[in-house]
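Read-outs: derived from the displayed coordinates by stated rules, not from any lab. A quick note: this is a predicted structure, and the numbers were derived from the prediction, not measured. A quick note on method: Cβ atoms are made from the backbone with ideal geometry, for glycine too, and the neighbour counts reach across all protein chains shown.
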Amino acid sequence: MGFAVEPPVTAAKSASFGMRVDRRAFSTFLVSALVLAGLRSRVATAEEAAAGAATFPRLMGVNIGAKHYHDASYQKDLSRLDVVILGFYKGWGPSGYAPDTTSAIRKAVKAIKARNPAILVGQYTILNEAFDKPDDPATVDLRDKLYASQWWLLNAAGRKVQWTARYSTWETNFTAWTRPDAKGQRWPEWLAERNFATFFRDIPEFDIMYFDNVMAPPRVKGDWNLDGRDDDPRNPGILAAHYAGHLAHWNHVRKLHPGTLLMGNTDNDLANPEWRNQLDAALLEGMMGERWSMETWGGWARMMERYRAVLRNTRPPRIVGFNVHGNVTDYRFFRYAYTSCLLDDGYFSFTDKSRGYSSVPWFDEYDYKLGTALSRPPTAAWSQEVWRRDFQNGIVLVNPTNATKTVTVEPGVRRLAGRQDPAVNNGAAVSQVTLAPKDGIVLRK
């Protein structure tokens, strides 16, 4: 699970480069105070949202694939979202777009925010992997530091370790067992400062620092504690050092830039004591739609429990992305996924399998504003094993079972009127709704 690391220049030019789909960065007291006040205001708003003032749907984009962020049409698509994660790299900037890379990145982000001032924009980073490409100016500084400080994760034979060869990346040793550099820093602190200087210090329009691969336990064996033997990643001591390394990275980011929201792409529920309530946000990548998706191998109930747990284990404003991968014309799958997300307070994120993390798929249901939730996230089925949540302007129903279900709804309820799947969204008044297995529906009041 997880995004690929910051791309080499050659890969960055390809629109197909993107997140993994195999489970796989104040000169005065007054300015600082204003920044912190802005964060408190944003968090207070999010806390009010959690209490019921939020409006739905809430949409998130994972758009670290294609790098044409300067394109006005793409900016328009991105600006329709509530939260978007982008994947700029060091040195990004189309020819003639801006005088330098910082100005280019800032210009693109500002253009998105000009269309939607409320959008939260994040930038991709990763702690546990790096490229080993001496000819890549986007990542050579990372490579050089890892070699100079001996911070690559090696195995007992002294060779670098890979989780997967698909992205030509290698694992880093971000534990406190490594030797600090001349400034007393290890990889978590050094990388935080590098990414802050590259993407955040001079680009205040970024709201979120996104951390890929917040995984537990580690996916690889290696000589983490430098005793000459490969370590079991589930060993309690290794796992504790793994947790501590990520936390050291997050804490250093907060020290450098306290106004930034921290988001992790997590394959776990963040319930361990070291990580619980440390992140402001999380992405649940590929929850549905892939062979490795939790809904596929663990079932709908287990997937929903993970979703709820991550919402519990992040801290306000608790921005949790419910990401699924699918075919944009498979409307039944979309409804099943979308309505499942709406049973709680997360942000729905749909990735088009044919385009990866490089587009903004749009569905008729997005255009219908449900308004505020009138009921809390349900903890049990409503009727006939169908789940329900009520909103100011509509009702959401989900059938997670393998059987067709028919339920009765109160008078005054209608189907949406849509163009993509008019057999379902035909605008008709309904008193009963029949849902196919693993299907859902949004009804309007």
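Figures for the structure shown
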| quantity | calculated |
| --- | --- |
| Pair A423, D141: separation of 7 Å Cα→Cβ label points (nm) | 5.5 |
| Virtual spin-label span in nm between D330 and R179, 7 Å along Cα→Cβ | 5.2 |
| Point-to-point label distance, N155-A380, nm (Cα→Cβ direction, 7 Å offset) | 5.2 |
| Sites matching GluC sites (Glu not before Pro) across the range 273-362 that sit in DSSP coil, with at most 15 neighbouring C-beta atoms within 10 Å | E274 |
| Burial ordering of D367, D280, D77, fewest other beta-carbon atoms within 10 Å first | D367, D77, D280 |
| In the range 132-220, the trypsin sites (Lys or Arg not before Pro) that fall in loop regions by DSSP, at most 10 other Cβ within 10 Å | K183 |
| Loop-located trypsin sites (Lys or Arg not before Pro) in the range 229-306, at most 13 other Cβ atoms within 10 Å (DSSP) | R229, R234, R291 |
| Within the chain: Cβ-based charge dipole about Cα centre, in debye rounded to nearest 20 (Lys, Arg +1; Asp, Glu -1) | 600 |
